[in-house]
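The next block holds one structure in the form of structure tokens; read it before the comments.
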Amino acid sequence: MTNRQIDYSTAEDGGGAARDERELRRHVDEVIAATPVTDLHTHLYAPQFGELNLWAIDELLNYHYLIAELFRSSTVTPEEFWGLSKTQQADLIWQTLFVEQTPLSEATRGVIAVMSALGLDTRARDLREAREFFRTQRAEDYLERVLKLSRVSDLVMTNDPLDEIETPTWESSVEIDPRFHASLRLDRILNGWTEIVPRMSAQGYQVRVEIDRRTISETRRFLDDWIVRMKPLYLGVSLPDDFTYLEEAPRAHLLRDAVLPMCREHDLSLALMVGVRRRVNPALRMAGDGLGRADVNVVARMCAENPDVRFLITFLSRENQHELCVVARKFSNLMPFGCWWFLNNTSIITEITRERLELLGTSFIPQHSDARVLDQLIYKWEHSRRIIADALYDSYAELLRDGRAVTRQEIERDATRLFSGNFRQWVGLVATEKVESGVVVSAP
Ligand code: RAT
Ligand code: ZN
């Protein structure tokens, strides 16, 4: 099904005496900590995109996950908040969520984990020390440091062919850091067709609000040109919970007649991120998005009707997760991925990862970071690694009780599949390096 196959065979059969569960635990922890990640969905940009690169304490604190939490605890109104400078906003968030309260939420713990990894005072009364630290960092060195700390070898950006800040870089001949891969995001086209028609026209494509044959062929030409320019690993879109594939609205029409044919033509996967309700509270801007339970059967139908297209699928509602696993068992052209956005919390990643292991073995992609600020890679992957290690350890321990011990090489093979191999194989990227091994673990 995919272009390149990765060799996962293990050299050893794992012979040797069974060891205890403590040893198993040690091996799982070591392997999970060392396995490089290919992060398939982020909002980070390669250095070549200049001002789009976000990093350092003020950006970390101005994360929209934290802004939403601020309004639960502060008397400041959204209007007042948006009138402040970025520095003032960060100060307010630090004071409210970190000084006056214990930072217990996932997003606040994340900031603490980043500060701790960088050796900053996590109990500081203000941000002076943190700001001074970041002021002295060189962006290029800091990028290397973060990638090393998070063990992220490659990551996928979210690239919008209609974004005025982003497109000049694509149109230039600059060479983009090869660790940063592109994904072509279709949100504006599929979710805001009417508003985007003038922009596409300005780029020279003869499209109209009413979807006629010419509009379809021009949209295909637009996508074709941008696919050639960006070389994306996949096309992607976020969709509302009430999304249906058969309706006659522009979205479904464009999907069926422009997007899916382009996926076929370029042998590209389509990532569907389903379940977002944008701007439930518009005053909060980006922090004002919510979610709804979607109909997984819509995706099942797309997989059934397009067996020659590979789909990367994630749902935003916790209630859709079990159904997604079941649909994945039916369609081998569906790859479930990540614990998206409001699901990227310890308790829910725990539940979803275990559910997926039980229903799908290792044939899924457990996590992506969704990082918007470079530094977030540190905590998002630290948290996810911890939880995935727990889930894997418990599965291996159960397997041991059932009569089969695992070898260290098997643990490495599984971790490599989960953290990079499944995705790379799905999108036809060559294999990343294997984890350093050497040791054979327990086997009865
Ligand atoms: O998780 C987020 O940061 C959201 O704002 C969205 O970006 C979401 O992940 C998306 O890609 O639409
Ligand atoms: Zn995202």
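Every test in (1) more than 13 Å from ligand 1 (Cβ to nearest atom); (2) on the phi < 0 side of the Ramachandran plot is passed by residue 231 save one, and that test is (2).
The selection criterion, being over 20 Å from the mean Cα position of the chain (by Cα), among the small types (Gly, Ala, Ser) and more than 20 Å from residue 347 (Cα to Cα), does not hold for residue 415. Of the candidates 228, 237, the single residue that is open to solvent by 20 Å² or more (accessible area, probe 1.4 Å), hydrophobic (A, V, I, L, M, F, W, C) and within 24 Å of residue 42 (Cα to Cα) is 228. One residue stands out in the stretch 197-220 among those that are closer than 20 Å to residue 168 by Cβ and surrounded by 18 or more Cβ atoms within 10 Å (Cβ to Cβ): the one that is nearest to ligand 1 (Cβ to nearest atom), namely 200. The number of residues in the stretch 371-388 being open to solvent by 10 Å² or more (accessible area, probe 1.4 Å) and of a type in the set (Asp, Glu) comes to 1. Just to be sure before I move on: is residue 318 open to solvent by 10 Å² or more (accessible area, probe 1.4 Å), on the phi > 0 side of the Ramachandran plot and not assigned by TED's automatic domain parsing to the domain that holds residue 84 in the structure I sent? Judged against the criteria, residue 318 is not a match. Within the stretch 347-370, being surrounded by 19 or more Cβ atoms within 10 Å (Cβ to Cβ), among the hydrophobic types (A, V, I, L, M, F, W, C) and out of contact with any strand residue (DSSP E or B) (no Cβ under 7 Å at 6 or more places or on another chain) holds for 349, 352, 357. Filtered by the rule that a residue be surrounded by fewer than 23 Cβ atoms within 10 Å (Cβ to Cβ) and either within 16 Å of ligand 1 (Cβ to nearest atom) or not in a helix (DSSP H, G or I) (or both), the stretch 19-41 gives 19, 20, 36.
What do you reckon, is residue 235 out of contact with any Phe, Trp or Tyr (no Cβ under 9 Å at 6 or more places or on another chain) and not hydroxyl-bearing (Ser, Thr, Tyr)? Criteria met by residue 235. Any residue that is more than 15 Å from ligand 1 (Cβ to nearest atom) and either open to solvent by 30 Å² or more (accessible area, probe 1.4 Å) or among the β-branched types (Val, Ile, Thr) (or both) - is there at least one of those in the stretch 331-339? Checked the stretch 331-339: at least one residue is more than 15 Å from ligand 1 (Cβ to nearest atom) and either open to solvent by 30 Å² or more (accessible area, probe 1.4 Å) or among the β-branched types (Val, Ile, Thr) (or both). Just so you know, in the stretch 208-259 the residues that are assigned to a loop (DSSP other than H, G, I, E, B) and hydroxyl-bearing (Ser, Thr, Tyr) include one that is modelled with the highest pLDDT, and it is 244. For the stretch 166-182, state whether one or more residues are within 16 Å of ligand 1 (Cβ to nearest atom), farther than 29 Å from residue 114 by Cα and open to solvent by less than 70 Å² (accessible area, probe 1.4 Å). No, every residue in the stretch 166-182 fails to be within 16 Å of ligand 1 (Cβ to nearest atom), farther than 29 Å from residue 114 by Cα and open to solvent by less than 70 Å² (accessible area, probe 1.4 Å).
Among the residues of the stretch 260-307, those that are within 16 Å of ligand 1 (Cβ to nearest atom) and assigned to a helix (DSSP H, G or I) comprise 282, 284, 285, 286, 287, 288.
Given the criterion closer than 20 Å to residue 344 by Cβ, of a type outside the set (Val, Ile, Thr) and part of a helix (DSSP H, G or I), identify the matching residue among 107, 130, 90. So the residue among 107, 130, 90 that is closer than 20 Å to residue 344 by Cβ, of a type outside the set (Val, Ile, Thr) and part of a helix (DSSP H, G or I) is 107.
Residue pairs whose Cβ atoms lie under 6 Å apart, sitting 6 or more positions apart in sequence or on different chains, and linking a residue in the stretch 389-405 that is within 18 Å of residue 352 (Cβ to Cβ) to a partner that is of a type in the set (Lys, Arg) and open to solvent by 60 Å² or more (accessible area, probe 1.4 Å), are 391/354; 393/25. Across the stretch 69-102, the qualifying residues are those that are open to solvent by 30 Å² or more (accessible area, probe 1.4 Å) and within 19 Å of residue 342 (Cβ to Cβ), and the one among them that is nearest to the chain's Cα centre (by Cα) is 69. Among the residues making up the stretch 148-202, those that are in a loop (DSSP other than H, G, I, E, B), under 16 Å from the mean Cα position of the chain (by Cα) and away from ligand 2 (no atom under 16 Å from the Cβ) are 151, 179.
Screening residue 344 on (1) open to solvent by less than 10 Å² (accessible area, probe 1.4 Å); (2) within 16 Å of ligand 1 (Cβ to nearest atom) shows it passes everything except condition (1). Taking the criterion of being within 25 Å of the chain's Cα centre (by Cα) and hydrophobic (A, V, I, L, M, F, W, C), the residues of the stretch 105-147 that qualify are 107, 111, 112, 113, 114, 115, 117, 118, 139, 143, 146, 147.
The values are calculated or read from the model by the stated rules, or taken from the named source; none is laboratory data. The structure displayed is predicted, hence computed values, not measured ones. With ideal geometry, Cβ positions are generated from the backbone for all residues, glycine too; neighbour counts draw on all protein chains shown. Remember, those area values only see protein heavy atoms, side chains included, never the ligands or the DNA or RNA. Shrake-Rupley method; radii C 1.70, N 1.55, O 1.52, S 1.80 Å.
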